[in-house]
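Trainee: Take this structure first; my questions come after.
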Amino acid sequence: IPQRTSVYVGQGFDKGEVATLQQLNAWRSGSPYAAVNLYIGGVSRACANSALSLELVQELSAQGWKFIPTWVGHQAACTSYNYPMSWSPSVAYRQGKDNATDAIRIARKLGLADANESNTVIYYDLEAFDTSNAACFASCKASSINFSGAMSKGCSEALIVRPHYLLFADYNSSVDRS
């Protein structure tokens, strides 16, 4: 993959299970989309994405696709998801580091990260939660800060005050091509 991380301004889409080469080729030529979300892993990922491989990523890159690598790790402690973050900020912080370590390992396997992990962007899919719940918010903040910090420092011990990138999605349960 020639350039792993770049700024892209344009439309992209999110499909839980990665589409086939033929489907994405049709999307590329018949829609305004040029970026596709890739759910690369995480304990809370809902789709197996068994077709996702280095070879597929290379072929999609050759078609001109840009990628939004996304990790679906532990979710907020105050939600009903199967894999919650710990209520303890110190444990949640460790979970964030572990998620970052796993995410960068998978990104390297898929050709989405340089060997030295520099210039790698992986989005963390954290579902909505009650931000007025102070304990839940503190847990999420500790985990997400360490995920972002570990990603920015090649998985070293790091603490930053805010994520580098945010991606907002509007899930509308319909198939839209425009």
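The values are calculated or read from the model by the stated rules, or taken from the named source; none is laboratory data. Nothing here was measured: the structure is a model prediction, and the numbers come from that model. Using ideal geometry, Cβ is built from the backbone for each residue, glycine included, and neighbour counts are taken over all protein chains shown. Heavy atoms of the whole protein, side chains included, go into the accessibility calculation; ligands, DNA and RNA do not. Shrake-Rupley method; radii C 1.70, N 1.55, O 1.52, S 1.80 Å.
Trainee: Looking only at Cα atoms, what is the convex hull volume of region 53-93 per residue, in Å³?
Mentor: For region 53-93, the hull spanned by Cα atoms encloses 107 Å³ per residue.
Trainee: Could you estimate the translational diffusion coefficient of region 1-137 from the Stokes-Einstein equation, with Rh from the Kirkwood formula over C-alpha pairs, at 37 °C and 0.692 mPa s, in whole µm²/s?
Mentor: 204 µm²/s
Trainee: Between T101 and L54, take the C-beta separation as r, use R0 = 25 Å, and let me know the FRET efficiency to the nearest 0.05.
Mentor: 0.80
Trainee: Name the residues whose placed amide hydrogens come within less than 5 Å of the amide hydrogen of S86, ignoring near sequence neighbours (fewer than 5 apart) on the same chain.
Mentor: A92
Trainee: I would also like to ask the following. Among 56-62, 16-22, 38-44, 128-134, what's the highest-first ranking by average C-beta atoms within 10 angstrom per residue? Before the final figure, lay out the partial values.
Mentor: Numbers: 56-62: 16.6, 16-22: 14.1, 38-44: 21.7, 128-134: 11.7.
Per-residue Cβ counts within 10 Å, averaged per peptide and sorted highest first, yield 38-44, 56-62, 16-22, 128-134.
Trainee: Pop out the carbon and sulfur fraction of the accessible area of region 31-143 as a percent, whole number, probe 1.4 Å.
Mentor: Roughly 52 percent, rounded to a whole number.
Trainee: Which stretch or stretches of region 36-61 have amide N atoms under 16 Å from the point lying 7 Å from T79's Cα along the Cα→Cβ direction?
Mentor: The answer is 39-47.
Trainee: Taking only protein heavy atoms into account and a 1.4 Å probe, give the accessible area per residue of region 31-90 in Å².
Mentor: The answer is 43 Å² per residue.
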